[in-house]
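*Asks:* Take a look at this one; I'll ask things after.
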Amino acid sequence: MPTSATRPYRGVFPVVPTIFNADGSLDLPGQLRCVDFMIDAGSTGLCILANFSEQFVLSDAERDVLTRAILAHVAGRVPVIVTTTHYATQICIERSRQAEQLGAAMVMVMPPYHGATFRVSEGQVEAFYQRLSDAINIPIMVQDAPVAGTPMSAPFLARMAQNIANLKYFKLEMPGAASKMRELIRLGGAAIEGPWDGEEAITLLADLDAGATGAMTGGAYPDGIRQIFDAFHRGDREEAVRQYGRWLPLINYENRQGGILTAKALMKEGGVIACDAPRHPFPEMSPEVRAGLLDAARRLDPLVLRWGR
């Protein structure tokens, strides 16, 4: 199964980090360099304004600036998924309509939630996605992630895929994702246009075995993830296993140690961006974690460490 820049979307669509200056302001030139690197490194497509983009520290005005600037700069080179999650149905619709008008290929949306306790019923979740689908003409990816605190069973997801016209993609980010993905594909059939792997590729091989057709990972080494993904989908599982074994120490370091700041730390080391700081109060990466991350990366020589040099 080759990667595809048109529907059905398949391939490696990493999350674009948001680049800040040391004072916390947006670094738009650095942001656009980041995007250029990620395309040069083999990304089939990109996802912006996701949790790994630190979307939770951005104002609505900054979201607007970033959406416009990135989509204009990409200029159709690869498809771009815009995360438009919001608790309020109408605000999610407004964000999604804007993304579509500016050229987004897809929107990614978590179910409505706020904080640790504000949740809605299954019926309200379905109505939320139905209203969103009715308002736009591009596909919706359901981000099924523990951070939302909203359990959605495979039967529920499959039913929504069958009943809601534009809801066709699913990014699964939980323990046991492969088993849930198999059940989702079995129950949803042709309505499941895109079952996708997430969570920094830590479960990528198992998810590929389960039928994943896309991978949404961290943004620093799509060239490495492509070595796993492409081998598997050209029918060479043994090579995919070998490449997964090679890249797993770095994947694990991102997933379990460096987290959200991993991509920016590697991009700074390779001269892609000038500053890898988060926005306060998110804590900066410790020197010890940075040293371990760079050690894991240098053993693999990903493009990120050479692109800006």
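The values are calculated or read from the model by the stated rules, or taken from the named source; none is laboratory data. What you see is a predicted model, and the numbers here were worked out from it, not measured in a lab. Note that we place each Cβ from the backbone using ideal geometry, even for glycine, and neighbour counts take in every protein chain shown.
*Asks:* So, in the range 275-305, exactly how many residues are of a type in the set (S, T, N, Q) and either touching an Asp or Glu at 6+ places or on another chain (Cβ under 8 Å) or under 18 Å from Val16 (Cα atoms) (or both)?
*Replies:* So the answer is 0.
*Asks:* What's the total number of residues in the range 63-86 that are over 19 Å from Ile260 (Cα atoms) and either of a type in the set (D, E, K, R) or in contact with a Pro (Cβ under 7 Å, 6 or more places away or on another chain) (or both)?
*Replies:* The number of residues fulfilling the criteria is 3.
*Asks:* Go through the residues of the range 25-38 one by one and say whether even a single one is of a type in the set (Ser, Thr, Tyr) and touching a strand residue (DSSP E or B) at 6+ places or on another chain (Cβ under 9 Å). Break it down into steps so the answer makes sense when it comes.
*Replies:* As a first pass, look at the range 25-38 and keep what is of a type in the set (Ser, Thr, Tyr): 25.
Right, trim to touching a strand residue (DSSP E or B) at 6+ places or on another chain (Cβ under 9 Å) and you get none.
Looking for residues that are of a type in the set (Ser, Thr, Tyr) and touching a strand residue (DSSP E or B) at 6+ places or on another chain (Cβ under 9 Å), one finds none in the range 25-38, hence no.
*Asks:* When you look at Tyr129, is it within 21 Å of the chain's Cα centre (by Cα), of a type in the set (Phe, Trp, Tyr) and over 21 Å from Phe13 (Cα atoms), yes or no?
*Replies:* yes
*Asks:* Something else: Regarding Gly30, is this residue outside any loop (DSSP other than H, G, I, E, B) and free of Cβ contacts under 8 Å to residues at least 24 places away in the same chain?
*Replies:* no
*Asks:* Now, a different point. Would you mention how many residues in the range 40-72 are buried (at least 16 other Cβ atoms within 10 Å of the Cβ) and among the β-branched types (Val, Ile, Thr)?
*Replies:* 4
*Asks:* Residue check: is Phe56 under 23 Å from His280 (Cα atoms), touching a residue at least 40 places away in the same chain (Cβ under 8 Å) and of a type in the set (A, V, I, L, M, F, W, C)?
*Replies:* So Phe56 fails the test.
*Asks:* Please state which one of Ala201, Ala148, Ala165, Ala158 is within 24 Å of Val241 (Cα to Cα), out of contact with any Lys or Arg (no Cβ under 8 Å at 6 or more places or on another chain) and not aromatic (Phe, Trp, Tyr). Walk me through it before giving the result.
*Replies:* Values: Ala148 fails: within 24 Å of Val241 (Cα to Cα); Ala165 fails: within 24 Å of Val241 (Cα to Cα); Ala158 fails: within 24 Å of Val241 (Cα to Cα).
Exactly one residue qualifies, and that residue is Ala201.
*Asks:* Return the only residue of Arg298, Arg309 being out of contact with any Phe, Trp or Tyr (no Cβ under 9 Å at 6 or more places or on another chain), on the phi < 0 side of the Ramachandran plot and at pLDDT below 95.
*Replies:* Working: Arg298 fails: at pLDDT below 95.
After ruling out the rest, the residue left standing is Arg309.
*Asks:* Does the range 73-80 contain any residue that is in contact with an Asp or Glu (Cβ under 9 Å, 6 or more places away or on another chain), more than 30 Å from Gly30 (Cα to Cα) and surrounded by fewer than 17 Cβ atoms within 10 Å (Cβ to Cβ)?
*Replies:* No: zero hits.
*Asks:* For the range 1-38, give me each residue that is in contact with an Asp or Glu (Cβ under 7 Å, 6 or more places away or on another chain), surrounded by fewer than 19 Cβ atoms within 10 Å (Cβ to Cβ) and more than 19 Å from Gly211 (Cα to Cα).
*Replies:* Asn21, Leu26
*Asks:* Hey, among Ala220, Ala263, Ala274, which residue is within 21 Å of Pro29 (Cβ to Cβ) and in a helix (DSSP H, G or I)?
*Replies:* Step by step, each of Ala220, Ala263, Ala274 is checked, and only Ala263 is within 21 Å of Pro29 (Cβ to Cβ) and in a helix (DSSP H, G or I).
*Asks:* Going by the conditions given, is Pro8 in contact (Cβ under 8 Å) with a residue 60 or more places away in the chain, within 15 Å of the chain's Cα centre (by Cα) and over 16 Å from Gly103 (Cβ atoms)?
*Replies:* So Pro8 fails the test.
*Asks:* Moving on. Answer yes or no as to whether Pro249 is surrounded by fewer than 23 Cβ atoms within 10 Å (Cβ to Cβ) and not in a helix (DSSP H, G or I).
*Replies:* No.
*Asks:* Tally up the residues in the range 172-217 that are under 24 Å from Gly42 (Cβ atoms), assigned to a loop (DSSP other than H, G, I, E, B) and either hydrophobic (A, V, I, L, M, F, W, C) or in contact with a Gly (Cβ under 8 Å, 6 or more places away or on another chain) (or both), please.
*Replies:* Qualifying residue count for the region: 6.
*Asks:* Report, by residue number, each residue of the range 164-183 that is under 19 Å from Met106 (Cβ atoms) and either free of Cβ contacts under 8 Å to residues at least 24 places away in the same chain or buried (at least 23 other Cβ atoms within 10 Å of the Cβ) (or both).
*Replies:* Leu167, Lys168, Tyr169, Phe170, Lys171, Leu172, Met181 - these are the residues of the range 164-183 that are under 19 Å from Met106 (Cβ atoms) and either free of Cβ contacts under 8 Å to residues at least 24 places away in the same chain or buried (at least 23 other Cβ atoms within 10 Å of the Cβ) (or both).
*Asks:* Hey, does the range 190-201 have a residue that's farther than 18 Å from Leu132 by Cβ, of a type in the set (A, V, I, L, M, F, W, C), under 17 Å from the mean Cα position of the chain (by Cα) and modelled with pLDDT of 95 or more?
*Replies:* yes
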